[in-house]
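A short write-up of the structure that comes next.
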Amino acid sequence: MKKTLSILVENHAGVLSRISGLFSRRGFNIDSLAVGITDNPEISRITIVADGDDYTFEQLEKQLNKLIEVIKVRSFNSSDILQRELLIAKISIPADKRSEVMTIAEIMGARIIDISLRTMTLQICDTAMHLERFEELIRPYGIVEIVRTGMIAIEKGSNSLRV
């Protein structure tokens, strides 16, 4: 079962390495990883999506809490949070097919962020499932390059992960 860990850490060099090392030493694969500063520049938020059972995540939380730079750790099921990921795709597109791609972009909620004589670059921010569907729709036009960020997440409702 996939779970999401949200970790508040001191914004120091080497913290991410220690956290990813903890996963690696235990043989866990990280599906998604995103790091960014919070409203306090001295604190970063790390969002990790990984596969494992409740016991595994309980153990990971305990181990993470032992790290000096870790301020707070919470694990979530996907039903407890709002998740988003960013995808940017450059596709090879002849002029006569551009209107088709523009229609797909409009329907799927993507934006055209660059256009040249031979390519069009699109941006979309949504759930992983929606991004996979978008990628499936534009693939026949010829993907030149595609990049995706790691998943970011925030807890639903009025609860929050703060110091």
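The values are calculated or read from the model by the stated rules, or taken from the named source; none is laboratory data. The model shown is predicted, which means the values in this text are computed figures rather than measured ones. Glycine also receives a Cβ, built like all others from the backbone with ideal geometry; neighbour counts cover every protein chain displayed. Remember, those area values only see protein heavy atoms, side chains included, never the ligands or the DNA or RNA. Shrake-Rupley method; radii C 1.70, N 1.55, O 1.52, S 1.80 Å.
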| task | Treat each spin label as a single point 7 Å out from the Cα along the C-beta direction, and report the residue 129 to residue 98 distance in nm. | result | 3.5
| message | I need the Kirkwood Rh of the stretch 47-110: take the reciprocal of the average 1/r across all distinct C-alpha pairs and report it in angstrom. | response | 16.0
| request: For n ≥ 4 DSSP H runs only, could you compute -39500 (n - 2.57) per run for the chain, divide by its residues and tell me the 222 nm figure to the nearest 500? | output: -8500 deg cm²/dmol
| request: Give the distance, in whole Å, between the Cα centre of the stretch 2-48 and the Cα centre of the stretch 122-153. | output: 23
| request: Check cross-link reach from residue 2 to the lysines: straight Cα distance under 30 Å, and skip same-chain residues fewer than eight apart. | output: 62, 66, 72, 90, 156
| query | Modelled label-to-label distance, residue 82 and residue 107, 7 Å Cα→beta-carbon offset: nm? | reply | 2.6
| query | Want the number for residue 160 to residue 25: 0.36 nm per residue separation, take away the alpha-carbon distance, what's left? | reply | 45.6 nm
| request: Find the accessible area per residue for the stretch 7-163; the probe is 1.4 Å, ligands and nucleic acids are left out, and the unit is Å². | output: 59
| message | Using Cα springs under 10 Å in a Gaussian network model of the chain, which residue among 117, 67, 16 shows the largest mean-square fluctuation? | response | 117
| field | Share of carbon and sulfur in the accessible heavy-atom surface of the stretch 13-160 [1.4 Å probe, %] | value | 52
| For the stretch 93-152, which trypsin sites (Lys or Arg not before Pro) are both in a DSSP coil and crowded by at most 13 other Cβ atoms within 10 Å? | 118
| task | Could you tell me the convex hull volume per residue, in Å³, taken over the Cα atoms of the chain? | result | 141
